[in-house]
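K.L.:
Take a look at this one; I'll ask things after.
Quick note: the coordinates plus some simple rules give every number you see, no bench work behind them. The model shown is predicted, which means the values in this text are computed figures rather than measured ones. Using ideal geometry, Cβ is built from the backbone for each residue, glycine included, and neighbour counts are taken over all protein chains shown.
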Amino acid sequence: MHVLAQAFQLIIDPYVLIVMLLSGMFGLFMGAMPGLSATMATALLVPVTFFMDPVPALASMVTATAMAIFAGDLPGVLLRIPGTPASAAYTNEAYEMTKQGKAELALGTCLTASVFGGLIGSVVLATAAPALAEIAIKFSSYEFFWLACLGLTCAALVSTGSPVKGVASLLFGVFLSTVGLDPILGYPRFTFGYVELMGGVSFIPAMVGMFAIAEVLRSVASLGERQEPVQASLRNIFAGVFPVLRRYWVNLLRGSAIGTLVGALPGAGGDIAAWINYALSKRLSRTPEKFNTGHVEGLVDASASNNASLGGAWVPALVFGIPGDSITAIVIGVLYVKGMNPGPMVFIERPELIYAVFLSFFLANLLLIPLGYASIKGAKRLLLIPREILMPIIMIFCVVGSFAINNTVFGVSLMLILGLIAYLMEENGIPVAPAILGLVLGGIIEENFMSSMMKSDGDLTVFFSRTVAAALGTITIAIWFSPLFILVKRRLFPARRA
Amino acid sequence: MKVNDAITGLGLIIFAVGVFYFSLGAPTIRNSIYGAALFPRIIAILMGVCGFYMVAKEALARRSDGKGSPLFSVPDWARSRWHVANFLLIIASLLIYILFSDIVGFDLIGTIILFALFASLRKGRLVSSFAVALVSTCLIHYLFGYFLRVPLPWGVFVNYAFF
């Protein structure tokens, strides 16, 4: 209790609170801009935190990332352009809601579910960090391989339209992840002599191109032809949210729990958590046919899991110094700089600082309510700007965001090429979102598969040799073959006519 | 531009063949059959299967009802010169940025691109288009260059760079 009181005193310092407020606003901007991301927000805060004490430094990063992850939903809901990869899983669904005049409900649900998920993630972080870390650390390459396969499978499951086209899109994304140097042998693949391609296809230009540029092209092509129902006012964003959350309270808890667990796995993150939760929500829903038509249920799961995964990602980072995601990879560096070497000893040597970080998680997620509300109210002004002005400006933001990744125009070239490909894909009913996840997970799958093969001298049975790996593998393969099972079952046991 | 699923399937098959071909010669891990070519080949095979499925499905649909969807269809907007021009202008703007931004600089090229797009999309209103283009570009350069330290090129204005 004494330690908790000390931690509380450290957090309620006016300087810390002001730092959190400013970081929150910064995080909202970074998350809402296509081309910028929560990881970038964290990276940009590092030099600023050099001059701060440990508590405000870490509190600023926690707040910025919590805001950024939610803020990715804003352009996704209003413009069908996800601000962060974690929002890409449900951007289409949320935009369908906006087209039906339900943007308030979509944004209010995303905000409230994010707050709830973030608080659950914070509670788990504070109470179960060492225990969760014990589980997470037991995950080896075999478990990661199956988990990444499961993530890819979920992406194919939730894609709109033809499943075959969804799989084709996924495979295209996985192909993009193979461009560059092979992760094990360092052999250049599909680079055709271009040095820039040796680093692979950067994720941010790909996402910006495939979502934002394709959307810009679509908007420009349809200007003046169809009158889209523009939702010019967002009056009460909480209207209707509480009945939704009351109705889908199981989804809320499930999304938060799975988000925290997936976030705790080193290398996994909110992106995978959102896809898995969205797919699970559709699979377990009583009304799966309503998905992809502007149905709010999937948003509850996925939004909650995004913010919950942030807390989960700190578990292996704090306890073992192993990053749970790209954000905590940066945070670990800051922890070392501040003399809070991650590991079990930090809980003993400087417990008040660790508990202050836990409290900052709570506070950041509570701060999400007023700041998120204000950002939504501000974002509505986006809808008042004529598309003739808005789309070119979004294009320039995308150009700058793609440039900023490696400070070369190659990122802009990638953005353009993939934007054109994505435009043609969507014109022909091939969904784009699975390609993005394929790009994210392709590298993880290959790296873990190849290192598993090296460890086991090419023995494939090792993927089922460990309990968790066997369970994940069985679930994944069962999902792969479930359409066949259903077909055989229907042939053998046809439904009786009424 | 919408194409028949059989054309899409054919495209996937050609792409798959290309991926398979360009992965030939990749090394393997010592004493193992697995190597740098494994995943590209798996992707190529699966993509080829998807392609064959789409071609076969379209062929069966044509056989069963005698007509399938057209091989190529142009969207309605492509019949409007203005829409086509705007569409091509977006692509041209990005190409011009890629080719000339390092030489000319972000401020100048961004202003030109935005001005061209605003003027075309708004069908005129040149003065306000120019003003918005200039202000937007300078603001974006300041925001990203000064606060976020993104080294956007100054180009012809490099002697006047103040951050």
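K.L.:
Sum up the charges of everything whose Cβ sits under 14 Å from the Cβ of residue B:118, counting Lys and Arg as +1 and Asp and Glu as -1, but leave residue B:118 out.
P.N.:
+3
K.L.:
Neighbour counts of other C-beta atoms within 10 Å: give me A:97, A:395 arranged from fewest to most.
P.N.:
Least to most surrounded, the residues fall as A:97, A:395.
K.L.:
Just for the Cα atoms in segment B:76-160, what are the lengths along the principal axes, largest first, rounded to whole Å?
P.N.:
The principal-axis extents, from largest down, are 45, 26, 21 Å.
K.L.:
Right, next: Using just the alpha carbons, could you tell me how many Å³ per residue the convex hull of chain B encloses?
P.N.:
193 Å³
K.L.:
Among the aspartates and glutamates, which fall within straight-line cross-link reach of residue A:282, defined as a Cα-Cα distance under 14 Å, with same-chain neighbours fewer than 8 residues apart omitted?
P.N.:
Cα-Cα hits under 14 Å: A:93, A:297, A:301.
K.L.:
Averaging the inverse of every distinct alpha carbon separation and then flipping it gives the Kirkwood radius. What is it for segment A:299-433, in angstrom units?
P.N.:
About 18.9 Å for segment A:299-433.
K.L.:
Taking Cα atoms, how many degrees apart are the long axis of helix B:126-142 and the longest axis of chain B, rounded to 10 and kept between 0 and 90?
P.N.:
80 degrees
K.L.:
Now for a separate question. One quarter of the convex hull surface, Cα atoms only: what value does that give for segment B:87-132 in nm²?
P.N.:
Projected over every direction and averaged, the Cα hull of segment B:87-132 covers 3.0 nm².
K.L.:
Summarise the partner chain shielding of A:242-254 as one whole number: the mean count of Cβ atoms from other chains within 10 Å of each residue's Cβ.
P.N.:
0
K.L.:
Using just the Cα positions, wrap the protein assembly as shown in a convex hull and report its mean projected area in square nanometres, one decimal place.
P.N.:
Dividing the Cα hull surface by four gives the mean projection, 32.5 nm².
K.L.:
Expressed as a rounded percentage, what relative contact order does chain A have, with Cα pairs under 8 Å and six or more residues apart?
P.N.:
Worked out over chain A, it gives 27 percent.
K.L.:
Something else now. Using per-residue counts of other Cβ atoms within 10 Å, averaged over each peptide, order A:198-211, A:461-474 from highest down.
P.N.:
Taking the mean over residues of other Cβ atoms within 10 Å, the ranking is A:198-211, A:461-474.
K.L.:
Give me a comma-separated list of calculated 3J(HN,Hα) values for segment A:22-32, in order, Karplus coefficients 6.51, -1.76, 1.60 applied at θ = phi - 60°, integers in Hz, x for any Gly or Pro.
P.N.:
Rounded to whole hertz, the list is 5, 5, x, 5, 4, x, 4, 5, 5, x, 7.
K.L.:
Something else: Distance in nm between label sites at residue B:146 and residue B:162, each 7 Å beyond Cα in the beta-carbon direction?
P.N.:
Rounded to a tenth, the inter-label distance reads 0.7 nm.
K.L.:
For segment A:238-299, run through the trypsin sites (Lys or Arg not before Pro) and keep only the ones in DSSP coil with at most 14 other Cβ atoms within 10 Å of their Cβ.
P.N.:
A:286
K.L.:
A further question on this structure: Which order do the peptides A:112-122, A:11-21 take when ranked by the mean count of other beta-carbon atoms within 10 Å per residue, highest first?
P.N.:
The most tightly packed comes first, giving A:112-122, A:11-21.
K.L.:
Here is a further query. For the pair residue A:417 and residue A:390, how long in nm is the line joining their label points, each one 7 Å along Cα→Cβ?
P.N.:
3.1 nm
K.L.:
Now, a different point. Return one number: the angle in degrees, 0 to 90 and rounded to the nearest 10, between the long axis of the Cα atoms of helix B:5-22 and the longest principal axis of the Cα atoms of chain B.
P.N.:
Roughly 90 degrees between the two axes.
K.L.:
Over the C-alpha atoms of segment A:1-133, what are the Rg and the largest Cα-to-Cα span, Dmax, in Å?
P.N.:
Looking at segment A:1-133, its Cα Rg and Dmax stand at 16.6, 53 Å.
K.L.:
A follow-up question, please. So how do A:213, B:33, A:475 line up by other beta-carbon neighbours within 10 Å, fewest first?
P.N.:
B:33, A:475, A:213
K.L.:
Report the FRET efficiency, 1/(1 + (r/R0)^6), for residue B:78 and residue B:99, where r is their Cβ-Cβ distance and R0 is 35 Å, rounded to 0.05.
P.N.:
0.85
K.L.:
Per residue of A:212-223, count partner chain C-beta atoms within 10 Å of its C-beta, then hand back the mean as an integer.
P.N.:
4
K.L.:
Considering the options A:444, A:62, A:260, tell which one lies farthest towards the positive end of the dipole of chain A, charges being +1 on Lys and Arg and -1 on Asp and Glu at the Cβ, about the Cα centre.
P.N.:
The listed residue farthest towards the positive side: A:260.
K.L.:
Residue B:2's amide H: which non-local residues (gap 5+, or another chain) put their own amide H closer than 5 Å, with H modeled 1.01 Å from N in plane and none for Pro or chain starts?
P.N.:
Here the answer is B:73, since their amide H atoms fall under 5 Å of that of residue B:2.
K.L.:
Let me ask you something else. Mind checking B:92-102 for the average number of partner chain beta-carbons within 10 Å of each residue's beta-carbon?
P.N.:
Average per residue, whole number: 4.
K.L.:
Just to compare against my own numbers: the Cα pair-distance distribution for segment B:2-73, 5 Å bins, whole % per bin, please.
P.N.:
With 5 Å bins starting at 0, P(r) equals 4, 18, 19, 16, 13, 10, 8, 5, 4, 2, 1.
K.L.:
Run the quick spin-label model on residue A:337 and residue B:60: label points 7 Å from Cα toward the beta carbon, then report their separation in nm to one decimal.
P.N.:
The answer from the label model is 6.0 nm.
K.L.:
A 19 angstrom limit on the alpha carbon distance is what I want to check against. Which of A:102/A:290; A:102/A:380; A:102/A:165; B:2/B:123; A:102/B:2; A:99/A:290 exceed it?
P.N.:
A:102/A:165; B:2/B:123; A:102/B:2
K.L.:
Given 4 °C and 1.567 mPa s, how large is the Stokes-Einstein diffusion coefficient of segment A:5-68 in µm²/s, with Rh as the Kirkwood radius over Cα pairs?
P.N.:
111 µm²/s
K.L.:
For residue B:127 and residue A:486, FRET efficiency with R0 = 56 Å and r from the beta-carbon atoms, rounded to 0.05?
P.N.:
Efficiency at R0 = 56 Å is approximately 0.35.
K.L.:
Taking H placed 1.01 Å from N in the peptide plane, check which residues at least 5 places from residue A:181 or on another chain put their amide H under 5 Å from its amide H.
P.N.:
Residues meeting the amide H criterion: A:189, A:200.
K.L.:
Report, in degrees rounded to the nearest 10, the 0 to 90 angle that the Cα long axis of helix B:106-121 makes with the longest principal axis of chain B.
P.N.:
Between the helix axis and the principal axis of chain B, the angle is about 70 degrees.
K.L.:
Need the full-extension length gain, residue A:236 to residue A:493, defined as separation in residues times 0.36 nm minus the C-alpha distance. One decimal, nm.
P.N.:
Between residue A:236 and residue A:493, full extension yields an extra 87.5 nm.
K.L.:
So if each residue of separation counts as 0.36 nm, and I subtract the Cα-Cα distance between residue A:131 and residue A:194, what length gain in nm does that give?
P.N.:
Result: 18.0 nm gained on full extension.
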